[in-house]
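Please read the structure below before turning to the comments.
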Amino acid sequence: MTPQGNDTTEPDRDRFGVVLAIAVLATATAVWQGVTWAWANPLAAVVTLVCAGVLIFALRWVLVRTGFGRPLRRFVSPLWALGRTGITTRVVLARTSATDAITGWLAEWANRPLRPVPPSEPAASYAFRPVGYTLEVFDGSSPVRFEEMCRELLERDGFTDAVRVGGAGDLGADVMARDTVGRRVVVQCKRYAKPVGSREVQTFNGTARPEHRAAVPVMVGLNGFTAPAIAFAERHGLHLVDRERLARWGAGNDLYDVLGIEQAAN
């Protein structure tokens with residue numbers, strides 16, 4: 001004798017098989033019509049989509065209003081739960097990985113070594129600038145670098161507007177600046193392997209004041225000056241920086257102190 005519980009189960013399975021077959025047939029028909037007609041006849045494709053939509057809604061109505069829906073739900077629910085669980089798990093894992101990556105990057109950025117801040121230079125004061133050169137450094141310099149070092153020493157001593165103007169057509173002026181009382185200082189730098197002669201000093205005398213309007217003309221000779229050159233400079237009020245004076249100037253003495261010039265002299 002067959003148990004009574006199977007009397008309702010077997011008809012439900014038969015009805016479910018019929019409904020599933022009808023759904024598969026309708027879907028296959030819609031796909032076939034779509035593939036066949038869509039490319040050649042867009043209107044037929046639209047009609048097919050509408051029919052498919054009507055059929056789907058009709059199938060849903062049948063499943064809801066009849067007893068076919070319950071076995072279908074029993075079949076689909078585990079699959080849907082499994083898929084939803086897998087999707088949720090992947091989303092959670094992706095979110096956790098992204099959160100860990102962002103948190104790690106922020107922690108690494110927060111713990112990065114800070115760039116050291118250089119100490120600020122004393123405002124408007126050249127007295128504390130450690131600019132100084134020995135005779136060995138002067139000897140090893142190029143002519144252009146020799147002029148630049150003289151310019152830097154003038155800046156160290158508080159001269160303003162110190163610029164290097166040496167080059168072709170400089171008319172005897174290599175460095176120009178102004179002292180603390182506004183007088184124009186014109187410097188010619190001679191990096192000769194031997195003492196500077198009288199001819200070079202005379203040439204500088206002919207351009208320093210008439211051409212450059214120098215109030216304090218200064219000539220620097222790396223290896224000093226000849227006796228006639230020194231005598232000519234004394235007669236015409238030119239200030240010469242020989243090797244001994246250059247050593248004192250590079251060691252940190254003020255240029256005017258080296259030359260014996262009064263700071264407030266007119």
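Things worth noting here:
- Flag for residue 237 being modelled with pLDDT under 95, more than 15 Å from residue 174 (Cα to Cα) and of a type in the set (Gly, Ala, Ser): yes
- Of all residues in the range 149-206 being among the β-branched types (Val, Ile, Thr) and touching a helix residue (DSSP H, G or I) at 6+ places or on another chain (Cβ under 8 Å), the one that is most open to solvent (accessible area, probe 1.4 Å): 163
- Residue in the range 220-230 that is modelled with pLDDT of 95 or more, assigned to a helix (DSSP H, G or I) and surrounded by fewer than 16 Cβ atoms within 10 Å (Cβ to Cβ) present: yes
- Residue 209 being open to solvent by 20 Å² or more (accessible area, probe 1.4 Å), in contact with a helix residue (DSSP H, G or I) (Cβ under 7 Å, 6 or more places away or on another chain) and basic (Lys, Arg): no
- For the range 187-229, the set of residues classified as among the basic types (Lys, Arg) and either touching a residue at least 12 places away in the same chain (Cβ under 8 Å) or closer than 13 Å to residue 246 by Cα (or both) consists of 190, 191, 194, 213, listed by residue number.
- Qualifying residue in the range 124-133 (condition: modelled with pLDDT of 85 or more, surrounded by 10 or more Cβ atoms within 10 Å (Cβ to Cβ) and either polar (S, T, N, Q) or outside any loop (DSSP other than H, G, I, E, B) (or both)): no
- Number of the exception - residue 238 against (1) open to solvent by 20 Å² or more (accessible area, probe 1.4 Å); (2) in contact with a helix residue (DSSP H, G or I) (Cβ under 8 Å, 6 or more places away or on another chain): (1)
The values are calculated or read from the model by the stated rules, or taken from the named source; none is laboratory data. No experiment lies behind these values; they were computed from the predicted model shown. Neighbour counts run over all protein chains shown; Cβ positions are idealised from the backbone, glycine included. The protein model used for the area step is the full one, side chains on, heavy atoms only, and it has no ligands, DNA or RNA in it. Shrake-Rupley method; radii C 1.70, N 1.55, O 1.52, S 1.80 Å.
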